[in-house]
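Report on one structure; see the data block that follows.
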Amino acid sequence: MCSGNFAKCLGISLLPLSIACVLCNILLFFPGGKHVDSSKITDEVFYCGGIVGSGVLMIFPALVFLGLKNNDCCGCCGNESCGRRFAMLSSILFAAVGVLGAGYSVIISGVAINKGPKCNTSATSEKWEYPFSAGNYLSETNMWTECKPSSVVSWHLTLFSMLLIFGLIQIALCAVQMVNGLLGALCGDCCGCCGGSDGAV
């Protein structure tokens, strides 16, 4: 497969992932599916790893990857092969931006999963805190009853786990494009497999 077409496939894959990450982060503002005061929301939600890191910052490389097939950088003064090679080389920078954005989201998600959610730990009053800061709640599910409302823990763990997984996939896809972009810059859009000017030096 030509490097431009392959980059387009990566871009198509990144777009729904970025949208899903934004939605996951937005849902985290409603712990347990309920609207609560901002002081009762887990701190890591406000770092917006899914919205900024795996969302907005991922849109740029995704759009660049989608347009690489037809981007010849103005033909590089009439040399179409040179222009396309430069476009593939520049895509490495956008892929790096995607890696940084997704990496930010992965770090925030990992910290949030280990730390656990902020929830009400008192049966008689409002006392919102982090009862699982030691991270042991992941293996001791019977501890989840300490949190109220009861759905907060599963809501927190599910959405941050999705952000973590999606972020790792995004990092992998951007890393693949770094290699693909380097090959496209060195060999041309199709590395000589399609003939014509794309494979010419």
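At a glance:
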read-out	value
Filter result for Ala102 (out of contact with any Asp or Glu (no Cβ under 9 Å at 6 or more places or on another chain) and hydrophobic (A, V, I, L, M, F, W, C))	yes
Of the criteria (1) more than 22 Å from Leu15 (Cα to Cα); (2) buried (at least 16 other Cβ atoms within 10 Å of the Cβ); (3) at pLDDT 85 or above, which one Ile92 fails	(1)
Pair list, Cβ under 9 Å, 6 or more apart: the range 20-34 residue among the basic types (Lys, Arg), other residue surrounded by fewer than 19 Cβ atoms within 10 Å (Cβ to Cβ)	Lys34/Pro149; Lys34/Ser151
Test: residue in the range 171-186 that is at pLDDT below 85, β-branched (Val, Ile, Thr) and farther than 18 Å from Ile41 by Cβ	no
Answer from Ser39, Ser13 - the residue that is under 17 Å from the mean Cα position of the chain (by Cα) and part of a helix (DSSP H, G or I)	Ser13
Any hit, the range 130-140, residues being in a loop (DSSP other than H, G, I, E, B) and surrounded by 20 or more Cβ atoms within 10 Å (Cβ to Cβ)	yes
Filter result for the condition that a residue is under 26 Å from the mean Cα position of the chain (by Cα) and within 21 Å of Cys21 (Cβ to Cβ), over Leu159, Leu138	Leu159
Residues of the range 148-169 classified as among the small types (Gly, Ala, Ser) and outside any helix (DSSP H, G or I), total	2
Filter pass, Ala185 being hydrophobic (A, V, I, L, M, F, W, C) and exposed (fewer than 14 other Cβ atoms within 10 Å of the Cβ)	no
Subset of the range 25-37 that is out of contact with any His (no Cβ under 8 Å at 6 or more places or on another chain) and under 21 Å from Val56 (Cβ atoms) - its residue that is surrounded by the most Cβ atoms within 10 Å (Cβ to Cβ)	Asn25
Options Thr158, Thr124: the member that is modelled with pLDDT under 90 and out of contact with any helix residue (DSSP H, G or I) (no Cβ under 6 Å at 6 or more places or on another chain)	Thr124
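The values are calculated or read from the model by the stated rules, or taken from the named source; none is laboratory data. Quick caveat: nothing in here was measured; it's all calculated off a predicted structure. Every residue, glycine as well, gets a Cβ built from its backbone with ideal geometry; the counts of neighbours run over all protein chains shown.
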